1. Residues in region 28-58 that are hydrophobic (A, V, I, L, M, F, W, C), without any contact (Cβ under 8 Å) to a residue 40 or more places away in the chain and not in a helix (DSSP H, G or I): how many?
2. Looking at region 239-246, can you tell me whether even one residue there is farther than 21 Å from Glu293 by Cβ, open to solvent by 40 Å² or more (accessible area, probe 1.4 Å), of a type outside the set (Ser, Thr, Tyr) and part of a helix (DSSP H, G or I)?
3. Checking the condition at pLDDT below 95 and either farther than 30 Å from Ala169 by Cβ or open to solvent by less than 10 Å² (accessible area, probe 1.4 Å) (or both), which residue from Arg261, Arg273 passes?
4. So which helices (runs of 4 or more DSSP H) stay within region 269-347 end to end and still have 1 or more residues that are in contact (Cβ under 8 Å) with a residue 60 or more places away in the chain, more than 18 Å from the chain's Cα centre (by Cα) and more than 23 Å from Ala91 (Cα to Cα)?
5. Would you please list the contacts, defined by Cβ atoms under 6 Å and residues six or more apart or on different chains, that run from a residue in region 155-166 that is in contact (Cβ under 8 Å) with a residue 12 or more places away in the chain to a residue that is open to solvent by 60 Å² or more (accessible area, probe 1.4 Å) and in a loop (DSSP other than H, G, I, E, B)?
6. Return yes or no: is Glu293 of a type outside the set (A, V, I, L, M), at pLDDT 95 or above and open to solvent by 50 Å² or more (accessible area, probe 1.4 Å)?
7. Being surrounded by fewer than 19 Cβ atoms within 10 Å (Cβ to Cβ) and of a type outside the set (Ser, Thr, Tyr) is the requirement here; does Ala91 meet it?
8. For region 303-347, how many residues meet the condition of being closer than 20 Å to Glu293 by Cα and among the β-branched types (Val, Ile, Thr)?
Amino acid sequence: MSHAILAVAEPTRDGAENRGSDFAPLLRAVRARGLLERRTGWYAAGITANLLALAAVVTGLVLLGDTWWTLALALPLAVLWARTAFVGHDAGHAQITGDRRAARALGLLHGNLLLGMNEAWWNDKHVRHHANPNHIDKDPDVGVGALVWTQKQAAQREGFARWLTRNQARLFFPMLLLEGIALKVSGFQYLKRQPLRERALSAFLLIAHLGLYAALLFTVLSPGKAVVFALVHHALFGLHLGMAFAPNHKGMEMPDPDEERWDHLRRQVLTSRNVRGAALTDWLLGGLNYQIEHHLFPSMPRPHLRLAQPLVRAHCEAIGLPYTETGAVESYRQALTHMHEVGAPLR
């Protein structure tokens, strides 16, 4: 994951003049507190702990052997895979290190090799999302896919896709069970868009992941148990990862492409939602529960997001800008309500 995300996250200068400086005082306050300084030691400890935990689960698989009890390890392995994905995400934002090669190496290790997810594909998609969150023409996360996000998109659906849109709110969580596999497929599909040299390395690591994963399961388990374990593991991983990302923007403001372009502060705050919680919420959601702060300062290290929150909230209140924060359950309710309303004209 490259550092291109940093470039797209800078405040825009083409907004209204009376709003152009709204972000500057907040940026100065955040810098004065040292909240943009990297926490390499914190990440080193977290990465080490995660790798040791992954090794422990693999050891548990080997020790349990060919038994259905190994399915109990699918859950902790899925949770640890999500932690791995969060590290790759943070590396792509240059939160861990400012060295481009080191950051990409972390992305390749945690994305391609450990997860079988192409970090180049994720980076391309995520760059565009950060530049224009919830923008129907520019954010790939609200483009037409299995799900749609506006009634205009819904009106164009036909056949099975029309039925899917009509029921997308109730099908959302079941569909997340397929996300773990979909991430792998999308990564392989993206290979043809990569430069030859980069493609070779990415493909090698993706194939190495599949080979090592299959070798582990089919060596320890019978073929039937291995397939079931892989399916359960990827279903839980997709569900967990999807539940970490779903509350962030779904059901929030969607900029009108035909109206005035919002400045950086409004573009990021109005389209994002924070999720309240304590240390456990921070850990389970990988810091993405501070979505507003993350979008305003994408290179801010994860442990600093909670420290920046009071500054951001106070600044938004001072200039009369809505700052949205809900509990986890309410965040999902709002997201599902939006998806239900999008499909309403088809019912």
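The values are calculated or read from the model by the stated rules, or taken from the named source; none is laboratory data. This is a predicted model, so every value here is computed, not measured. Counting neighbours? That spans all protein chains shown, and the Cβs are built from the backbone with ideal geometry, glycine included. Accessible surface is based on the protein model in full, side chains and every heavy atom, while ligands, DNA and RNA are left aside. Shrake-Rupley method; radii C 1.70, N 1.55, O 1.52, S 1.80 Å.
1. 0
2. Start the filter on region 239-246 by keeping residues that are farther than 21 Å from Glu293 by Cβ, which leaves 239-240, 242.
Then keep just the ones that are open to solvent by 40 Å² or more (accessible area, probe 1.4 Å); that gives 239.
Filter once more, keeping what is of a type outside the set (Ser, Thr, Tyr): 239.
With the extra rule that they be part of a helix (DSSP H, G or I), the set shrinks to 239.
Yes.
3. On the way: Arg273 fails: at pLDDT below 95.
Just a single option satisfies the conditions, and that option is Arg261.
4. Numbers: elements: 279-284, 291-296, 302-318, 328-343.
Qualifying helices (runs of 4 or more DSSP H): 302-318, 328-343.
5. If the second residue must be open to solvent by 60 Å² or more (accessible area, probe 1.4 Å) and in a loop (DSSP other than H, G, I, E, B), the pairs left are Arg166/Arg347.
6. Criteria not met by Glu293.
7. On the way: surrounded by fewer than 19 Cβ atoms within 10 Å (Cβ to Cβ): no; of a type outside the set (Ser, Thr, Tyr): yes.
Spelling it out, it is not the case that Ala91 is surrounded by fewer than 19 Cβ atoms within 10 Å (Cβ to Cβ) and of a type outside the set (Ser, Thr, Tyr).
8. So the count comes out to 4.
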